1. Looking only at the range 37-52, count how many residues are assigned to a loop (DSSP other than H, G, I, E, B) and at pLDDT 85 or above.
2. Of all residues in the range 83-110, which are of a type in the set (D, E, K, R), within 27 Å of the chain's Cα centre (by Cα) and closer than 18 Å to Thr154 by Cα?
3. Answer yes or no as to whether Ser72 is among the polar types (S, T, N, Q) and in the same structural domain as Ile160 (by TED's automatic domain parsing).
Amino acid sequence: MAVEIIKSLGSKDLNPQKNVDGEKTPSAQNKRQSKLPQGRSADEVQISEKAHALKEEFETLKTQARKTSTESQQRIEAAKLKIQSGYYLRDDILEEVAGKILESDEIRSVIRSKNERPPLITASRDVPNSLGDKISLAKNRAAQGYYQQNSVLTITAEKIIKDLFA
């Protein structure tokens with residue numbers, strides 16, 4: 001459009017495609033293409049070896065994540081089947097699971113934190129009689145070793161397992 005305006009002002013010999021001698025000049029794009037070997041385009045993308053290595057690592061991790069997810073799902077399904085079949089209600093299994101739960105770092109940290117805090121209720125007279133009676137009963141049972149009996153441990157383990165998997 002600017003060329004037409006200039007031509008209309010009186011410069012009829014003006015042609016941006018011609019040089020001073022009147023010969024046509026190659027456009028910038030033609031110049032760039034003429035410098036390239038035949039069959040190659042002007043734009044080129046190169047991906048570094050590090051980028052290739054990162055892509056391979058990403059693909060490997062993605063594959064491992066899918067595999068782990070599948071394995072986890074299979075383990076969950078197997079555990080559900082064992083629960084439904086009553087496998088975990090056997091005494092030997094209950095004792096083993098209860099032992100593992102008690103040995104876990106999570107339970108130990110909870111027990112440790114409970115032992116470090118001062119008790120919220122210092123005396124049974126501070127609470128209603130029904131709760132005070134329950135506390136007294138629990139204290140007496142603990143002193144007599146009631147909670148160390150296998151039957152009580154089994155019942156407690158069953159309740160914990162049911163709560164965990166419910």
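The values are calculated or read from the model by the stated rules, or taken from the named source; none is laboratory data. This one's a predicted model, so the numbers in the text were calculated from it and none came from an experiment.
1. The total comes to 3.
2. The answer is Lys100, Glu103.
3. Considered against the rule, which asks whether it is among the polar types (S, T, N, Q) and in the same structural domain as Ile160 (by TED's automatic domain parsing), Ser72 comes out as no.
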